[in-house]
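The values are calculated or read from the model by the stated rules, or taken from the named source; none is laboratory data. Every value quoted in this text rests on a predicted model; they were computed, and no experiment measured them. Please note: Cβ atoms are built from the backbone with ideal geometry, for glycine as well, and neighbour counts cover all protein chains shown.
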Amino acid sequence: MTGDPDALQRLLDIEEIKQLKARSFRTLDRKNRDGFGQAFARDAVLEVPEIERVGLQGYGHYLEEYVRENGRWRIARSRLERLRVDPSGAGLPDTSV
């Protein structure tokens, strides 16, 4: 292989982070708090905007930073950036069909 000598390690790191994200969502879906907590760094920061009203729906995405801790990638910072918030799902596509 020629070119960038760090390319293989970067690809391995990317794959490990993909697996980390999948594991964190899987443990969240299964309400596995211990497993979910293991996805995060010891001093992780989670930023989720507060919603004052119940029944709001919408969409957004997470902006994350990662850190290697004890030889494994962990989520160091995760921030939910809301792109749209609708009361009771108004304006969202109907997915009940």
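Brief remarks on what is shown
- Considering residues of segment 70-84 that are farther than 15 Å from GLY37 by Cβ and loosely packed, with under 15 Cβ neighbours inside 10 Å only, the residue modelled with the highest pLDDT: GLY71
- Taken over segment 47-69, the residue count meeting the criterion of being surrounded by 12 or more Cβ atoms within 10 Å (Cβ to Cβ) and at pLDDT 85 or above is 8.
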